Amino acid sequence: MPVAVEFNTVSFAYEQSMVLKEASLELAEKGFLLVLGPNGGGKTTFAKLLLGLVQPTSGSVKLFDRQPHSALADIGYVPQITVTHSRLPIRVFDVVNLGLYKCKGLSRAKRRQKVMNALQTVGLLALAKRAFNGLSGGERQRVLIARALVSSPRLILLDEPTANVDAKSKEQIYQLLSHLNEHATIVLITHDPDTSALPVSDIAFINRQVIHHKGRELTDKMLALSLGTTIEQLPRCANDY
């Protein structure tokens, strides 16, 4: 399979503070990467490197064998919702339409069709004329996913899309991501301990270092990194002795 995301011994530091050290991974096109790790461990920096918002101190990042800034048209980004109440008078349709800012030369009719198709994909076509600030948390997240996919990206990056949503909304979002993964590469940053419903192909655990594993299981190296210890010092079950 062609490679969608490649980090080659990437390090990044803010001034003298090392945030990521010699991170390497490869994610195949149409793979599903789960990004885990503690707050402050470097997940946000990983996302910024992927989006080309910051440049590596050393090493290289490639998306579809190109520099990130050259591949922005192929990326859809879903940020974490941090503001729950907004007075901004914007309709659902207009929020999704913002995702077409990279698509030049589209007629008004073509833009409208793309927006309505994206809303239909996330199950919110009937809410196109509703005010965005009048939606539930789960509905807002699905609108933001529609905004990310309206330009038909090859990769969708999501930052905590199920934070602060109820169980039903989480189930709807995970079903949607499973469907989208049939056509696009997915990179999901999350703290959710239950991702069993997702078609995860790879896991990356980030805590200054990046440990990448093909498969959905947490490895001993990941557990050791999360606890700040070594594999030899990990607690074992009684049956292991």
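The values are calculated or read from the model by the stated rules, or taken from the named source; none is laboratory data. What you see is a predicted model; the values in this text were computed from it and never measured. As a convention, Cβ positions derive from the backbone with ideal geometry for all residues, glycine included, and neighbour counts pool all protein chains shown. For the accessible areas, the whole protein counts, side chains as well, though only heavy atoms, and no ligand, DNA or RNA atoms are used. Shrake-Rupley method; radii C 1.70, N 1.55, O 1.52, S 1.80 Å.
In debye, nearest 20, what is the charge dipole magnitude of the chain about its Cα centre with +1 on Lys and Arg Cβ and -1 on Asp and Glu Cβ, if you could check?
I would put it at about 1460 debye.
Taking a threshold of 18 Å on the Cα-Cα distance, which of the pairs Lys170/Lys221; Lys30/Lys102; Lys21/Lys221; Lys170/Lys214; Lys114/Lys168 fall above it?
In this structure, Lys170/Lys221; Lys30/Lys102; Lys170/Lys214; Lys114/Lys168 lie more than 18 Å apart at Cα.
Among the DSSP beta bridges whose two residues both lie in region 8-160, what percent are antiparallel, rounded to the nearest 5?
65 percent
Can you give the accessible area of Lys102 in Å² (nearest 10), computed on protein heavy atoms with a 1.4 Å probe?
Result for Lys102: roughly 60 Å² accessible.
So what is the relative contact order for the chain, in percent, with contacts set as C-alpha pairs under 8 Å and at least six apart?
For the chain, the relative contact order is 26 percent.
Using the Karplus curve 6.51 cos²θ - 1.76 cosθ + 1.60 with θ = phi - 60°, work out ³J(HN,Hα) for each residue of region 44-55 in order, rounded to whole Hz, and write x for Gly and Pro.
For region 44-55, the Karplus-derived couplings read 5, 5, 4, 5, 5, 5, 5, 8, x, 6, 10, 10 Hz, x marking Gly and Pro.
Could you give log10 I(q)/I(0) at q = 0.13 Å⁻¹ for the chain, computed by the Debye formula over C-alpha point scatterers of equal weight, without solvent?
Reported log10 I(q)/I(0), two decimals: -0.83.
Which residue, Gln113, Ala197, Ser24, has the largest displacement toward the positive end of the dipole of the chain when charges sit on each Cβ (Lys, Arg +1; Asp, Glu -1)?
Looking along the dipole axis, the top candidate is Gln113.
Provide the per-residue ³J(HN,Hα) series for region 100-112, in order, calculated from phi with Karplus coefficients 6.51, -1.76, 1.60 and θ = phi - 60°, each as a whole number of Hz, with x at glycine and proline positions.
9, 4, 7, 9, 8, x, 7, 5, 4, 5, 5, 4, 4
Pop the C-beta distance of Asp220 and Glu22 into the FRET formula with R0 = 25 Å and round what comes out to the nearest 0.05.
0.80
May I ask which residue of Gln175, Val92, Gln80 lies farthest towards the positive end of the charge dipole of the chain, with charges of +1 (Lys, Arg) and -1 (Asp, Glu) on Cβ and the Cα centre as origin?
Comparing the listed Cα positions along the dipole, Val92 ranks first.
What residue among Lys104, Lys30, Lys170 shows peak mean-square fluctuation when the chain is described by a Gaussian network model with Cα springs under 10 Å?
Lys104
May I ask you to give the percent of accessible area on region 162-228 that is carbon plus sulfur, with a probe radius of 1.4 Å?
It is 51 percent, rounded to a whole number.
Would you kindly find the accessible area of Arg91, with a 1.4 Å probe and non-protein molecules such as ligands, DNA and RNA excluded, rounding to the nearest 10 Å²?
Here the residue's solvent-accessible area equals roughly 100 Å².
How many angstrom lie between the C-alpha centres of region 42-74 and region 113-130?
30 Å
Taking springs between alpha-carbon atoms closer than 10 angstrom, which of Pro38, Pro56, Pro89 fluctuates most in the Gaussian network model of the chain?
Pro89
Mean-square fluctuation check for the chain, GNM, Cα pairs under 10 Å: which of Ser151, Ser24, Ser196 is largest?
Ranking Ser151, Ser24, Ser196 by mean-square fluctuation puts Ser196 first.
Label region 88-203 by shape, choosing from rounded, prolate and oblate, from the square roots a ≥ b ≥ c of the eigenvalues of the Cα gyration tensor; if a/c is under 1.5 it is rounded, and otherwise prolate applies when a/b is larger than b/c, oblate when it is not.
In terms of gyration-tensor shape, oblate.
Which chymotrypsin sites (Phe, Trp or Tyr not before Pro) does region 1-105 hold that lie in a coil by DSSP with at most 13 other beta carbons within 10 Å?
Within region 1-105, the qualifying chymotrypsin sites (Phe, Trp or Tyr not before Pro) (loop, at most 13 other Cβ atoms within 10 Å) are Tyr101.
Starting from 0.36 nm per residue, how many nanometres of slack lie between Thr9 and Ser196 once their C-alpha separation is accounted for?
Net length gain for the segment: 64.3 nm.
Given the rule -39500 (n - 2.57) for each run of at least 4 DSSP H residues, summed and divided by the residues of the chain, what is its mean residue ellipticity at 222 nm, to the nearest 500 deg cm²/dmol?
The per-residue figure over the chain is -8000 deg cm²/dmol.
Before I look further, what does region 110-211 give for accessible area per residue, probe 1.4 Å, in whole square angstrom?
Per-residue value: 42 Å².
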